[in-house]
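Written out below as structure tokens is the structure these notes cover.
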Amino acid sequence: MNTNILQTPIDYLKGVGPNRADLLRKELGIHTYQDLVNFFPNRYLDRTSYYKINQLNQSSADVQVIGKITHLKTVEQKRGKRLVATFSDETGSMELVWFRGHKWIRESLKINQPYVIFGRVNWFNGFSMPHPDLELLSEHEQRIKPGMQPVYPSTEKLVNKGITNKVINKIMIQLFSETHRYFYETLPDTILDELKLISKHQALINIHFPKNNELLAKAQYRLKFEELFYIQLQLITKNISRKNKIKGFVFDQVGTCFNTFFSNHLPFDLTSAQKRVIREIRQDMGSHAQMNRLLQGDVGSGKTIVALLSMLLAIDNGFQACLVAPTEILAQQHFNGIQELLSPMDLNIRLLTGSSNTQDRKEIHEMLQNGELHILIGTHAVLEDKVKFQNLGLAIIDEQHRFGVEQRSKLWHKNSIPPHILVMTATPIPRTLAMSLYGDLDISVIDELPPGRKAIKTVHRFDSNRLKIFRFIRDEIGKGRQIYVVYPLIQESEKLDYKDLMDGYASIEREFPKPDYQISIVHGQMKAADKDYEMDRFVKGETQIMVATTVIEVGVNVPNASVMIIESAERFGLSQLHQLRGRVGRGAEQSFCILMTGHKLSEDSKTRLETMVRTNDGFEIAETDLKLRGPGDLMGTQQSGVLALKIADIVKDNEILKTARYYAMQVLKEDPGLKLEKNKRLLFTYHQLVKHKNIWNYIS
Ligand code: ADP
Ligand code: MG
């Protein structure tokens, strides 16, 4: 198996040369023969079928037709001329149009001779095809039929520099003639047989030069499967080897802290989902391996108490614990809540954020180092290198999607032995995505809300209904409830948004005047201390209305708040809307979410609003979100580039992903080291992939 030729730099391929090689590298990231082999078309033009003119319809795309040119004329128009040919078959006629090069085209066209034309048709008072591909039927019949024609991804620069699709095609032909003998099989026969996959050799040939639709589909399936299979193989291997190699602290005791709290101070009975998750976490932390677990639970499902109990386990075993949140408000709230819950117990808990003063920091650093501090709660500030623990046993990250992979890994290095890590997220990640994003994490799910919650009623209202909304707010406040009014804040037009927020605040203040009503306001341009003050008044029930930007989006917990009004709701993403809605419905009262918009709405906005009105199910919402936005946008995945797949599509190829994961698990279950003879192709390919980083770059 000579694979070296595939590692040849692209410059050496006949027809490429240094200039084109440079462009291929810069524009498409193609460095080697191998990269080019794996540069797949993103669509195909079907040249296997022929249409009659009367079969064309207004939605026809690229079509191939046989007929004759019966008439030619040059039409003068405002800018330059155009050449128009009447093209007919026995069923009707259409126009062929050229805007450029008409002189030589006109000279070369033959009247009343059969042609095969191919191109995109437009419809405007009849069908026309601008700049068709055309050749005489006699010539067309003599050569090998083009079949399905690949169209490769391209950039403007490439086209401008003359590297058109045709050129790429030619380069591919050259490449395949030099290298196709070196394409080796990468999957074991057992998998090929069971799934009836075509060989790698066949797949590569048919992805670039498909003989027909059926072979193309087989080639696509095979290559998608392979791509997803190797990703899963790597993720699962990583997970297994972490469990074997990375020693974790063993928390084998359930001690006084946990038991005292559990028996005497737990404010409610845990749901069975919470109990199950705590069991899973205990098992992990008692297992000699480092825990690396993702806890998923919809907003309000009660993740905080799980975090707290886990931290108590760490303390019982003589370790420190920390809890990191993405915003100051949230860190503060965790701190207040946890401090209150643990007040009957003799534990040291501190808060560290960007606005902690020097004195506090000094004390915290000291207490961390001498081991006095049991629990540290904070923001990104906790991750800074200068924050050192005596013995950090458990690190918890809340709202993981707000943090990058890098930040997660910072926690690993707080000790010589990495602490157990629990990351929590309320953004329900569709399982398929979780599998590919977090395949190296174990996953726990809280799939049950605490008892007594009523489903939140969600409605969509237009700005013109505002008076009714005000009446509704007044009634709810009359019943003793509290109200959120949220305005969008996006970076690009921060000033404008800020104005919207302030105008909104002013009109609410007019409608709900002091002293009968008290209003809080929180936005990103306020000082942390002022935000805390306003937030605190709302939490204590001193104010009835909270006017805010999305800073309150994550985690904030005020059970008495029963109405969430979202202004300009069309400007929010689905998962953000769902997060915001999750701020209400936390108490026993019926809660409401009102989505306010103007009348002009895009199709996507309409879908988002309808989805919100239809369902409270975070997972369903996440699936829709994924479909609307594509995975790249979700949860800052771009930064880790996790989903830069070559051919598979995480959303559309869901089923293939499941199959791939299943097979990867089966293989590794039987043969974790890939040592068996039948798996030798897997081992070889795996090493190749790891060695030539190219495929693994997209895995965090
Ligand atoms: P999230 O998962 O969104 O972080 P929280 O941990 O903030 O949710 O919990 C939401 C609310 O539900 C809190 O007021 C919390 O005290 C309450 N809660 C959590 N678990 C239970 C339970 N088992 N029974 C009753 N209330 C609970
Ligand atoms: Mg939370």
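The values are calculated or read from the model by the stated rules, or taken from the named source; none is laboratory data. Everything numeric in this text was worked out from a predicted model, so none of it was measured. Cβ atoms come from the backbone with ideal geometry, glycine included; neighbour counts cover every protein chain shown. Protein only, heavy atoms only, side chains kept; ligands, DNA and RNA dropped before computing areas. Shrake-Rupley method; radii C 1.70, N 1.55, O 1.52, S 1.80 Å.
Angle of helix 17-28 to the longest C-alpha principal axis of the chain, folded into 0 to 90 degrees and rounded to 10: 40°. Across the accessible surface of the range 109-206, with the other protein chains kept in place and a 1.4 Å probe, carbon and sulfur atoms take up 53 percent.
Within the assembled protein chains, the solvent-accessible surface assigned to Thr86 is about 40 Å², based on a 1.4 Å probe. Only lysines eight or more places from Lys479 in sequence, or on another chain, were considered; those with a Cα closer than 28 Å are Lys454, Lys457, Lys468, Lys514, Lys531, Lys540. Using the average count of surrounding beta-carbon atoms within 10 Å as a protection proxy, the listed peptides 344-357, 410-423 rank, highest first, as 410-423, 344-357.
List the lysines whose Cα sits under 22 Å from the Cα of Lys68, skipping any in the same chain fewer than 8 residues away. List returned: Lys52, Lys103, Lys110, Lys145. Taking amide H atoms as placed 1.01 Å from N in the peptide plane, the amide H of Ser591 lies under 5 Å from those of Lys457, each 5 or more residues away in sequence or on another chain. The alpha-carbon positions of the range 118-254 define a convex hull whose volume is 291 Å³ per residue.
Partner lysines whose Cα lies under 23 Å from the Cα of Lys14, excluding those fewer than 8 positions away in the same chain, are identified as Lys26, Lys157, Lys161, Lys166, Lys170. Rounded to the nearest 10 degrees, the angle from helix 165-179 to the longest Cα principal axis of the chain is 90 degrees.
Working from Cα pairs under 8 Å separated by at least six residues, relative contact order for the chain is 12 percent.
Using a 1.4 angstrom probe, figure out how much accessible area the range 49-144 has per residue, in square angstrom, rounded to the nearest whole.
On a per-residue basis, 62 Å².
Which angle between 0 and 90 degrees, to the nearest 10, do you get for helix 528-539 versus the longest principal axis of the chain when only C-alpha atoms count? With both axes taken from Cα atoms, the answer is about 70 degrees. Ranked by the mean number of other Cβ atoms within 10 Å of their residues, highest first, the peptides 392-399, 232-239, 162-169, 191-198 fall in the order 392-399, 232-239, 162-169, 191-198.
Taking amide H atoms as placed 1.01 Å from N in the peptide plane, the amide H of Ile565 lies under 5 Å from those of Tyr484, Val485, Val486, Ile594, each 5 or more residues away in sequence or on another chain.
Largest to smallest in accessible area, the residues Arg510, Arg583 fall in the order Arg510, Arg583 (1.4 Å probe, all protein chains included).
What share of the DSSP beta bridges in the chain is antiparallel, in percent to the nearest 5?
40 percent
Distance between the C-alpha centres of the range 44-64 and the range 655-669: 39 Å, rounded to the whole angstrom. Put the Cα centre of the range 148-165 next to the Cα centre of the range 3-31 and the gap is 15 Å. Overall, the anisotropy analysis places the range 49-144 in the oblate class: the square-rooted eigenvalues a ≥ b ≥ c of its C-alpha gyration tensor yield a/c not less than 1.5, with a/b not exceeding b/c.
If a/c stays under 1.5 just call it rounded; otherwise compare a/b with b/c (prolate if a/b is bigger, oblate if not). Do that for the range 457-615, with a ≥ b ≥ c from the square roots of the Cα gyration tensor eigenvalues.
Taking the square roots of the gyration eigenvalues as a ≥ b ≥ c, the range 457-615 is rounded.
With every protein chain in place and a 1.4 angstrom probe, the accessible-area ranking of Arg276, Arg361, Arg79, Arg181, largest first, reads Arg79, Arg181, Arg276, Arg361. Averaging the Cα positions of each part gives two centres, and for the range 518-591 and the range 443-469 these lie 14 Å apart.
Taking amide H atoms as placed 1.01 Å from N in the peptide plane, the amide H of Leu489 lies under 5 Å from those of Thr550, each 5 or more residues away in sequence or on another chain.
Computed packing ranks the peptides 147-159, 103-115, 476-488, 568-580 as 568-580, 476-488, 147-159, 103-115, most packed first, by mean other Cβ atoms within 10 Å.
Normalising by residue count, the chain has a Cα convex hull of 215 Å³ per residue.
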